[in-house]
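The values are calculated or read from the model by the stated rules, or taken from the named source; none is laboratory data. Please read all numbers here as calculations on a predicted model, not as lab measurements. Ideal geometry is used to build each Cβ from the backbone, glycine not excepted, and the neighbour counts take in all protein chains shown.
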Amino acid sequence: MSEKVKTEGALRQEKLSYKKQNYYEQASEKERKEIFDYAEGCKDFLNYCKTEREACAYAVKAAIEKGFTEYKFGDTLKSGDKRYFVNRGKSVVLFRIGSKNLEEDGLRIIASHIDAPRIDVKQNPLYEEAGMCFLKTHYYGGIKKYQWTATPLALHGTVILKDGTQRDICVGEDETDPVFYINDLLPHLGADQMAKSGGKVIEGEQLNVVVGGLPYEDKEIKDKIKLNVLTILNENYGMVEEDFLSAELCVVPAFRTRDIGFDRALFASYGHDDRICAYPAMTAVLDNESEHTVITMLVDKEEIGSEGTTGMQSQVYEDIMEEISLAMGANFRKVRMASKCLSSDVTAAYDPNFPEVFEKMNAAMISCGTCMSKFTGARGKGGSNDASAEFVGEIRKMFNENGVIWQTAELGKVDIGGGGTVAKFTAKLNIDTVDLGVPVISMHSPYELVSKADLYSTYKAFLAFMK
Ligand code: MN
Ligand code: MN
């Protein structure tokens, strides 16, 4: 069969013009299979890890299975070492010491966050009213509150009892478990509610979670349903009501990760932001050796500003990098100067249902590969790490030489909104940093949508970065 002869103009256009590529369209049958297979491991991770604590525990277990050993400040290190560092059970750093000179080659850092928007239980939460027992809550991160009503919810977290004993709670994930629930108003009585603006349709103090309805058998007392719930908590976890004061209980969607569509190209999950990037960040360093010294940081609290001892702004991450430099006899300032970081966080995928908020030429297209954002921020790039052309050029070369299908994007039209990542915190340390991650549909909703191709492309990008 003869191919149609291309005109001079068509050839010139091919040579000079830039066009995004759909990864599925480019992938061979073998690679399509790799894309699908890789997503299976990620689905397991997402099903198990619905809080930062669970993601941290999962990463530690996976690291130990791969022969990584725990690192403590002051430990000696040598080329070939594989170590993990756990920060208060809520963030984890995985690293491999390479053979290259640290002062000249620096560290190759991948930073992702393992917390996700959710609903946290208040410190004094339990009450009963109108035949039901509830937990009062205070939401965590940027959520559309109305999305969390009338949907199955699970409770994950930790309670520190009066005597200091720690009890982990996870209810709503097993098929035989009960789930929890936030009420919504029936449309028949919802006329006034539906006339409100979206942010007020359900308000913060209405996010009360139903946890019971069975009264304790004693005619003499009030709050019988609450007492019955307290009795169950006491029998199962040794808790009394005061123990809520020292608890971190998180209300998260109870559903599991599922393939989406007849062809299974996409898949949905709670917590894709940012665990869909944390998973490839974790497997890249666990499964692959490198001549470089590579570090994956899985951090907490990104959704509330990277604050606290476990967020990216904590001194601990700089301390680890400094300790590694010291142990390898390298000058930390020189190491930072030579280091490179991929801040791996999700970005918004172009959604044809909402074209008005995107500028199509500079929007992430689903299945067109992992997405680099030179800058984030809002209103004139405000608050963003704007990576240099030189650094973007270097990463671009790495990806192209290693056959990574990738794209670039901004988060929405200029002045429509914006967002931030941990990029600016690593950049502040004098480490060249750029954002790279999986495009997501319905970001920050209870059930977010991504492409398996973009997940695998992100993994391949990390391998190219480590190579
Ligand atoms: Mn994120
Ligand atoms: Mn987010």
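Restricting the range 273-327 to residues that are more than 16 Å from ligand 1 (Cβ to nearest atom), crowded, with 24+ Cβ neighbours inside 10 Å and hydroxyl-bearing (Ser, Thr, Tyr), the residue that is nearest to residue 431 (Cα to Cα) is 317. Residues of the range 156-177 that are touching a strand residue (DSSP E or B) at 6+ places or on another chain (Cβ under 7 Å) and in a loop (DSSP other than H, G, I, E, B): 161, 172, 173, 177.
Within the range 394-424, the set of residues being away from ligand 2 (no atom under 16 Å from the Cβ) and of a type in the set (Val, Ile, Thr) comprises 395, 404, 405, 408, 414, 416. So for the range 358-369 (the condition being more than 20 Å from the chain's Cα centre (by Cα), within 16 Å of ligand 1 (Cβ to nearest atom) and not aliphatic (A, V, I, L, M)), does at least one residue qualify? No, there is no match, as no residue in the range 358-369 is more than 20 Å from the chain's Cα centre (by Cα), within 16 Å of ligand 1 (Cβ to nearest atom) and not aliphatic (A, V, I, L, M). Would the range 95-104 turn up any residue that is within 16 Å of ligand 1 (Cβ to nearest atom) and either farther than 27 Å from residue 438 by Cα or of a type in the set (Lys, Arg) (or both)? No: zero hits.
Scanning the range 400-424 for residues that are more than 14 Å from ligand 1 (Cβ to nearest atom) and in a strand (DSSP E or B) gives 406, 407, 408. Every listed requirement among (1) assigned to a helix (DSSP H, G or I); (2) polar (S, T, N, Q); (3) touching a Cys at 6+ places or on another chain (Cβ under 8 Å) is met by residue 457 save one, (3).
Taking the range 440-467 as the range and being more than 16 Å from the chain's Cα centre (by Cα), surrounded by fewer than 24 Cβ atoms within 10 Å (Cβ to Cβ) and modelled with pLDDT of 95 or more as the test, the residues that pass are 463, 464, 466. The residues in the range 84-136 that are in a loop (DSSP other than H, G, I, E, B), within 16 Å of ligand 2 (Cβ to nearest atom) and either touching a strand residue (DSSP E or B) at 6+ places or on another chain (Cβ under 6 Å) or of a type in the set (Val, Ile, Thr) (or both) can be counted, and the count is 2. When residue 41 is tested against (1) at negative phi; (2) in a loop (DSSP other than H, G, I, E, B), only condition (2) is not met. Taking every residue in the range 141-152 that is at positive phi and pairing it with any residue that is charged (D, E, K, R) and within 16 Å of ligand 1 (Cβ to nearest atom), at least 6 positions away or on another chain, the pairs with Cβ-Cβ distances below 6 Å are 141/303.
Summed over the range 247-278, the residues that are away from ligand 2 (no atom under 16 Å from the Cβ), modelled with pLDDT of 95 or more and more than 21 Å from residue 456 (Cβ to Cβ) give a count of 5.
For the range 357-370, the criterion of being of a type in the set (S, T, N, Q), crowded, with 21+ Cβ neighbours inside 10 Å and not in a loop (DSSP other than H, G, I, E, B) is met by at least one residue.
If we keep just the residues of the range 105-129 that are in contact with a Lys or Arg (Cβ under 9 Å, 6 or more places away or on another chain) and under 22 Å from residue 463 (Cβ atoms), which is farthest from ligand 1 (Cβ to nearest atom)? Here the answer is 106.
Filtering the range 137-157 to residues that are surrounded by fewer than 17 Cβ atoms within 10 Å (Cβ to Cβ) and away from ligand 2 (no atom under 16 Å from the Cβ) leaves 138, 149, 150, 151, 152. Looking across the range 332-356, the residues that are farther than 18 Å from residue 394 by Cβ, away from ligand 2 (no atom under 16 Å from the Cβ) and either more than 23 Å from the chain's Cα centre (by Cα) or part of a strand (DSSP E or B) (or both) come down to 332, 333, 334, 352, 353, 354, 355, 356. Per the listing 430, 331, 402, the residue uniquely surrounded by fewer than 22 Cβ atoms within 10 Å (Cβ to Cβ) and closer than 26 Å to residue 265 by Cβ is 402.
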